Amino acid sequence: LIEELRLVREKHLKENMLGDLMANHVWTRMTINSDDLSVHEHIGQWFTPDMPSWDKEAVRNAVEPIFGEYEEDDDYPIEEVGSKWVVVEDYWQGSDESEITFTSAWSFPDGYVKKLLEKLLEIDEDVEIEFTVDEESDDFLIGGYGSKMGYTTHEEDSPERPDESDCESDGLNYEDEV
């Protein structure tokens with residue numbers, strides 16, 4: 001029964017991979033540090049600034065350089081990526097540092113980030129990545145780091161936010177309290 005439920009969930013996620021945009025967008029902001037210019041050139045080849053956004057092609061353009069090509073939308077590697085979909089929202093390339101903002105659905109694409117790190121380490125064993133992760137409802141915050149020494153993340157619940165109506169009834173400015 002558990003296996004059947006897992007398969008139904010996986011099928012549902014794949015069928016709805018790019019249906020209506022979910023309210024729960026997750027942003028991963030990553031800095032890639034390397035003195036090896038070829039690292040940044042590879043990133044520039046993988047994630048071009050003129051990439052289309054928010055469609056199936058954008059998902060392919062973000063996923064295929066890291067996981068390889070997949071034939072059908074049903075073949076999207078959701079379990080490996082760790083999120084329903086992931087796209088490159090913003091990208092900047094420097095000579096010793098590059099920055100990428102990924103947007104994903106529902107969750108942090110942990111498997112995607114790990115695999116990206118593996119790909120980068122194949123180019124330069126001294127590459128390092130740092131990233132922060134947050135999502136629009138402020139339910140969680142994640143920070144992480146990766147290098148040849150390993151990969152680690154740390155997750156915290158977001159701080160409690162005051163209730164807007166409580167602030168009003170107490171005569172407090174909601175924006176100041178937040």
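Close Cβ contacts (under 8 Å, 6 or more residues apart or on different chains) running from residues in segment 149-178 that are without any contact (Cβ under 8 Å) to a residue 24 or more places away in the chain to residues that are open to solvent by less than 100 Å² (accessible area, probe 1.4 Å) and hydroxyl-bearing (Ser, Thr, Tyr) comprise Thr152/Tyr145; Pro162/Tyr174; Glu164/Tyr174; Cys167/Tyr174; Glu168/Tyr174. Residues in segment 86-127 that are touching a residue at least 12 places away in the same chain (Cβ under 8 Å), part of a strand (DSSP E or B), open to solvent by 70 Å² or more (accessible area, probe 1.4 Å) and more than 18 Å from Val63 (Cβ to Cβ): 2 in all. Just so you know, in segment 70-85 the residues that are within 26 Å of Ser34 (Cβ to Cβ) and of a type outside the set (Gly, Ala, Ser) include one that is most open to solvent (accessible area, probe 1.4 Å), and it is Glu80.
Of the residues in segment 130-152, at least one is modelled with pLDDT under 85, open to solvent by 80 Å² or more (accessible area, probe 1.4 Å) and either part of a loop (DSSP other than H, G, I, E, B) or more than 20 Å from Trp54 (Cα to Cα) (or both). One residue is enough: does segment 22-30 have a residue meeting the conditions at pLDDT below 90, more than 30 Å from Glu128 (Cβ to Cβ) and either open to solvent by 50 Å² or more (accessible area, probe 1.4 Å) or in a loop (DSSP other than H, G, I, E, B) (or both)? Yes: one or more hits. Of Glu64, Glu4, all but one fail to be modelled with pLDDT under 85 and either outside any strand (DSSP E or B) or within 19 Å of the chain's Cα centre (by Cα) (or both); the exception is Glu4.
The residue of segment 153-178 that is modelled with the highest pLDDT, among those that are surrounded by 11 or more Cβ atoms within 10 Å (Cβ to Cβ) and in a strand (DSSP E or B), is Thr153.
The values are calculated or read from the model by the stated rules, or taken from the named source; none is laboratory data. Nothing here was measured: the structure is a model prediction, and the numbers come from that model. In this analysis, Cβ positions are derived from the backbone assuming ideal geometry, glycine residues included, and neighbour counts consider all displayed protein chains. The protein model used for the area step is the full one, side chains on, heavy atoms only, and it has no ligands, DNA or RNA in it. Shrake-Rupley method; radii C 1.70, N 1.55, O 1.52, S 1.80 Å.
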